[in-house]
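Heads up: the structure comes next, in C-alpha coordinates.
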Amino acid sequence: MTTLHYIYDPFCGWCYAAAPLVAAARSVPHVNIALHGGGMLAGANRRTITADWREHVMPHDKRIAQLTGQPFGEAYFDGLLRDIGAVMDSEQPIAAILAAEEISGLGLDMLEAAQEAHYVKGLRIADPAVLAGLATTLGIEALAFREAFDRFVGAATHAHIGETRARLANLGGRGFPTFALENTDGQLEPVDIGVWLGHADEWREFLLARSAEINQANLDASASVPPGGQG
(Lines give C-alpha, C1' and ligand atoms only; values in the text may rest on other atoms or scores of the structure.)
Protein backbone atom coordinates (compact mmCIF):
# COMPACT_ATOMS: atom_id res chain seq x y z
CA MET A 1 0.00 0.00 0.00
CA THR A 2 1.03 3.58 -0.68
CA THR A 3 -0.04 6.13 1.92
CA LEU A 4 -1.35 9.53 0.87
CA HIS A 5 -1.20 11.86 3.85
CA TYR A 6 -3.89 14.54 3.86
CA ILE A 7 -3.58 17.53 6.20
CA TYR A 8 -6.98 19.18 6.31
CA ASP A 9 -9.37 21.30 8.30
CA PRO A 10 -13.17 20.90 8.28
CA PHE A 11 -13.66 24.68 7.93
CA CYS A 12 -11.09 25.10 5.15
CA GLY A 13 -12.74 26.15 1.89
CA TRP A 14 -9.84 24.91 -0.21
CA CYS A 15 -10.09 21.51 1.49
CA TYR A 16 -13.69 21.47 0.27
CA ALA A 17 -12.33 22.38 -3.17
CA ALA A 18 -10.06 19.34 -2.94
CA ALA A 19 -12.88 16.97 -1.93
CA PRO A 20 -13.29 15.59 -5.49
CA LEU A 21 -9.56 14.80 -5.52
CA VAL A 22 -9.90 12.95 -2.22
CA ALA A 23 -12.83 11.00 -3.63
CA ALA A 24 -10.75 10.12 -6.70
CA ALA A 25 -7.83 9.04 -4.51
CA ARG A 26 -10.12 6.68 -2.63
CA SER A 27 -10.76 4.81 -5.88
CA VAL A 28 -7.07 4.18 -6.60
CA PRO A 29 -6.06 0.59 -5.77
CA HIS A 30 -3.42 0.11 -3.10
CA VAL A 31 -3.57 3.73 -1.89
CA ASN A 32 -4.43 4.41 1.74
CA ILE A 33 -5.40 7.93 2.85
CA ALA A 34 -4.19 9.07 6.29
CA LEU A 35 -6.13 12.01 7.70
CA HIS A 36 -4.49 14.70 9.84
CA GLY A 37 -6.73 17.45 11.24
CA GLY A 38 -4.94 20.78 11.50
CA GLY A 39 -7.21 22.81 13.77
CA MET A 40 -7.31 25.95 11.62
CA LEU A 41 -10.07 27.43 13.77
CA ALA A 42 -9.36 25.60 17.03
CA GLY A 43 -8.41 27.01 20.40
CA ALA A 44 -7.51 30.69 20.30
CA ASN A 45 -8.27 30.71 16.56
CA ARG A 46 -11.92 29.72 16.89
CA ARG A 47 -14.25 32.28 15.34
CA THR A 48 -17.87 33.29 15.20
CA ILE A 49 -19.80 34.28 12.10
CA THR A 50 -19.80 38.02 11.50
CA ALA A 51 -20.72 40.22 8.56
CA ASP A 52 -17.00 40.77 7.96
CA TRP A 53 -16.39 37.00 7.88
CA ARG A 54 -19.09 36.58 5.25
CA GLU A 55 -17.54 39.28 3.08
CA HIS A 56 -14.12 37.67 3.54
CA VAL A 57 -15.03 34.10 2.56
CA MET A 58 -17.61 34.61 -0.19
CA PRO A 59 -15.13 35.62 -2.95
CA HIS A 60 -13.04 32.53 -2.13
CA ASP A 61 -16.11 30.30 -2.11
CA LYS A 62 -17.28 31.63 -5.46
CA ARG A 63 -13.83 31.05 -6.94
CA ILE A 64 -13.85 27.48 -5.61
CA ALA A 65 -17.26 26.85 -7.15
CA GLN A 66 -16.11 28.22 -10.51
CA LEU A 67 -12.82 26.29 -10.48
CA THR A 68 -14.04 22.93 -9.22
CA GLY A 69 -17.82 22.82 -9.59
CA GLN A 70 -18.22 22.18 -5.88
CA PRO A 71 -21.74 23.15 -4.75
CA PHE A 72 -22.48 25.87 -2.20
CA GLY A 73 -26.03 25.96 -0.92
CA GLU A 74 -28.32 28.90 -0.35
CA ALA A 75 -28.59 27.65 3.23
CA TYR A 76 -24.87 28.36 3.54
CA PHE A 77 -24.56 31.69 1.69
CA ASP A 78 -27.78 33.24 2.97
CA GLY A 79 -28.33 31.10 6.06
CA LEU A 80 -25.21 30.14 7.98
CA LEU A 81 -23.11 33.08 6.78
CA ARG A 82 -25.83 35.41 8.08
CA ASP A 83 -26.14 33.53 11.37
CA ILE A 84 -24.24 36.13 13.35
CA GLY A 85 -22.59 34.56 16.40
CA ALA A 86 -22.56 30.97 15.09
CA VAL A 87 -19.40 29.30 16.38
CA MET A 88 -16.75 27.86 14.07
CA ASP A 89 -14.44 25.64 16.11
CA SER A 90 -12.45 22.93 14.33
CA GLU A 91 -11.99 20.83 17.47
CA GLN A 92 -15.49 19.30 17.48
CA PRO A 93 -15.63 18.10 13.86
CA ILE A 94 -12.05 16.80 14.06
CA ALA A 95 -13.01 14.85 17.19
CA ALA A 96 -16.03 13.49 15.31
CA ILE A 97 -13.81 12.41 12.40
CA LEU A 98 -11.41 10.66 14.77
CA ALA A 99 -14.36 8.93 16.47
CA ALA A 100 -15.86 7.79 13.17
CA GLU A 101 -12.50 6.45 12.04
CA GLU A 102 -11.98 4.53 15.27
CA ILE A 103 -15.45 2.99 15.29
CA SER A 104 -15.98 2.12 11.65
CA GLY A 105 -13.06 3.37 9.56
CA LEU A 106 -15.37 6.14 8.34
CA GLY A 107 -13.21 9.18 9.06
CA LEU A 108 -13.15 10.28 5.43
CA ASP A 109 -16.90 9.79 5.17
CA MET A 110 -17.41 11.93 8.26
CA LEU A 111 -15.22 14.67 6.80
CA GLU A 112 -17.21 14.58 3.57
CA ALA A 113 -20.49 14.67 5.51
CA ALA A 114 -19.28 17.60 7.62
CA GLN A 115 -18.20 19.55 4.54
CA GLU A 116 -21.56 18.99 2.87
CA ALA A 117 -23.37 19.92 6.08
CA HIS A 118 -21.42 23.19 6.32
CA TYR A 119 -21.14 24.35 2.70
CA VAL A 120 -24.39 23.01 1.27
CA LYS A 121 -26.84 22.61 4.14
CA GLY A 122 -25.59 25.53 6.24
CA LEU A 123 -25.47 23.54 9.48
CA ARG A 124 -23.35 24.35 12.55
CA ILE A 125 -20.78 21.57 12.39
CA ALA A 126 -19.17 22.64 15.67
CA ASP A 127 -22.41 21.53 17.38
CA PRO A 128 -22.05 18.01 18.85
CA ALA A 129 -25.72 17.32 18.16
CA VAL A 130 -25.24 18.08 14.46
CA LEU A 131 -22.18 15.82 14.36
CA ALA A 132 -24.08 13.03 16.09
CA GLY A 133 -26.76 13.35 13.43
CA LEU A 134 -24.15 13.04 10.69
CA ALA A 135 -22.75 9.94 12.36
CA THR A 136 -26.21 8.40 12.36
CA THR A 137 -26.60 9.04 8.63
CA LEU A 138 -23.33 7.15 8.12
CA GLY A 139 -24.76 4.15 9.97
CA ILE A 140 -22.69 4.62 13.14
CA GLU A 141 -24.49 3.50 16.28
CA ALA A 142 -25.45 6.56 18.32
CA LEU A 143 -24.14 5.45 21.72
CA ALA A 144 -20.84 4.21 20.30
CA PHE A 145 -20.32 7.53 18.55
CA ARG A 146 -21.19 9.59 21.61
CA GLU A 147 -18.77 7.62 23.80
CA ALA A 148 -15.95 7.84 21.26
CA PHE A 149 -16.58 11.53 20.60
CA ASP A 150 -16.49 12.29 24.33
CA ARG A 151 -13.14 10.50 24.60
CA PHE A 152 -11.60 12.36 21.69
CA VAL A 153 -12.90 15.89 22.24
CA GLY A 154 -10.48 17.84 24.41
CA ALA A 155 -7.00 16.51 25.20
CA ALA A 156 -6.88 13.74 22.57
CA THR A 157 -7.92 16.08 19.77
CA HIS A 158 -5.54 18.77 20.99
CA ALA A 159 -2.71 16.22 20.82
CA HIS A 160 -3.79 15.15 17.34
CA ILE A 161 -3.80 18.77 16.15
CA GLY A 162 -0.36 19.31 17.69
CA GLU A 163 1.02 16.28 15.84
CA THR A 164 -0.54 17.50 12.61
CA ARG A 165 0.96 20.96 13.00
CA ALA A 166 4.39 19.41 13.57
CA ARG A 167 3.96 17.25 10.46
CA LEU A 168 2.92 20.31 8.45
CA ALA A 169 5.99 22.23 9.63
CA ASN A 170 8.31 19.33 8.77
CA LEU A 171 6.83 19.21 5.28
CA GLY A 172 7.27 22.94 4.83
CA GLY A 173 3.55 23.15 4.15
CA ARG A 174 1.93 26.53 3.95
CA GLY A 175 -1.52 25.60 5.18
CA PHE A 176 -4.56 23.54 4.32
CA PRO A 177 -4.94 21.40 2.36
CA THR A 178 -1.50 19.80 2.21
CA PHE A 179 -0.93 16.40 0.61
CA ALA A 180 2.14 14.18 0.73
CA LEU A 181 2.95 10.69 -0.51
CA GLU A 182 4.99 8.38 1.70
CA ASN A 183 7.84 6.94 -0.35
CA THR A 184 9.91 3.77 0.03
CA ASP A 185 12.18 5.30 2.67
CA GLY A 186 9.25 6.37 4.81
CA GLN A 187 9.89 9.95 3.79
CA LEU A 188 7.03 12.23 2.79
CA GLU A 189 6.94 13.79 -0.67
CA PRO A 190 4.75 16.93 -0.74
CA VAL A 191 2.33 16.99 -3.66
CA ASP A 192 1.10 20.33 -5.00
CA ILE A 193 -2.54 19.68 -5.86
CA GLY A 194 -3.17 23.14 -7.30
CA VAL A 195 -2.74 21.94 -10.89
CA TRP A 196 -5.34 19.19 -10.36
CA LEU A 197 -8.14 21.20 -8.77
CA GLY A 198 -11.09 20.65 -11.06
CA HIS A 199 -9.26 17.80 -12.84
CA ALA A 200 -9.96 14.74 -10.72
CA ASP A 201 -9.43 12.24 -13.55
CA GLU A 202 -5.91 13.53 -14.27
CA TRP A 203 -5.14 13.50 -10.54
CA ARG A 204 -6.26 9.87 -10.33
CA GLU A 205 -3.96 8.96 -13.24
CA PHE A 206 -1.05 10.65 -11.47
CA LEU A 207 -1.73 8.71 -8.26
CA LEU A 208 -2.05 5.44 -10.18
CA ALA A 209 1.34 5.96 -11.78
CA ARG A 210 3.18 7.29 -8.74
CA SER A 211 1.77 4.71 -6.33
CA ALA A 212 2.75 1.94 -8.76
CA GLU A 213 6.31 3.28 -8.75
CA ILE A 214 6.42 3.42 -4.96
CA ASN A 215 4.89 -0.04 -4.53
CA GLN A 216 7.31 -1.55 -7.05
CA ALA A 217 10.25 0.07 -5.25
CA ASN A 218 8.97 -1.43 -1.99
CA LEU A 219 8.78 -4.88 -3.61
CA ASP A 220 12.27 -4.51 -5.03
CA ALA A 221 13.62 -3.45 -1.65
CA SER A 222 11.98 -6.44 0.05
CA ALA A 223 13.35 -8.83 -2.55
CA SER A 224 16.90 -7.56 -2.01
CA VAL A 225 16.87 -8.56 1.68
CA PRO A 226 17.91 -12.22 2.16
CA PRO A 227 15.69 -14.39 4.38
CA GLY A 228 16.46 -13.81 8.04
CA GLY A 229 18.94 -11.04 7.22
CA GLN A 230 19.21 -7.35 6.73
CA GLY A 231 21.15 -7.50 3.45
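The H on the amide N of residue 33, modeled in the peptide plane, is under 5 Å from the matching H of 4, each at least 5 residues off or on a different chain.
Does the range 1-160 come out rounded, prolate or oblate by the C-alpha gyration tensor, with a ≥ b ≥ c the root eigenvalues, rounded set by a/c under 1.5 and, if not, prolate when a/b is larger than b/c and oblate if not? Please list the in-between numbers first.
Details: a/c = 1.67, a/b = 1.20, b/c = 1.40.
Oblate is the answer for the range 1-160, as a/c is 1.5 or above yet b/c matches or exceeds a/b.
As a ratio to 2.2 N^0.38 Å, the alpha-carbon radius of gyration for the range 78-179 is 1.10. Computed over the range 47-133, the Cα gyration tensor eigenvalues convert (square root of 5λ each) into semi-axes of 23, 16, 10 Å, ordered from largest to smallest. Note on the range 84-231: with neighbouring protein chains present and a 1.4 Å probe, carbon and sulfur make up 52 percent of its accessible heavy-atom surface. Shown in residue order for the range 173-187 are the 3J(HN,Hα) couplings computed by the Karplus curve 6.51 cos²θ - 1.76 cosθ + 1.60 at θ = phi - 60°: x, 9, x, 10, x, 10, 10, 8, 9, 8, 8, 5, 8, x, 7 Hz (x for Gly and Pro). Sequence-ordered 3J(HN,Hα) estimates for the range 153-159 from the Karplus curve with 6.51, -1.76 and 1.60 and θ = phi - 60° stand at 5, x, 4, 5, 6, 4, 5 Hz, glycine and proline given as x. Only protein atoms count toward the accessible area here, which uses a 1.4 Å probe; on the range 1-80, the carbon and sulfur part of that area reaches 52 percent. Distance from the C-alpha centroid of the range 60-120 to that of the range 7-55: 8 Å, rounded to the whole angstrom. On a per residue basis, the chain carries 49 Å² of accessible surface, using protein heavy atoms and a 1.4 Å probe. In the chain, helical runs assigned H by DSSP with n ≥ 4 each contribute -39500 (n - 2.57); averaged across all residues and rounded to the nearest 500, the mean residue ellipticity at 222 nm is -17000 deg cm²/dmol. Counting only DSSP beta bridges with both residues in the chain, the antiparallel share comes to about 60 percent.
The values are calculated or read from the model by the stated rules, or taken from the named source; none is laboratory data. Here the structure is a predicted model, which is why all the values come from computation and not from measurement. Protein only, heavy atoms only, side chains kept; ligands, DNA and RNA dropped before computing areas. Shrake-Rupley method; radii C 1.70, N 1.55, O 1.52, S 1.80 Å.
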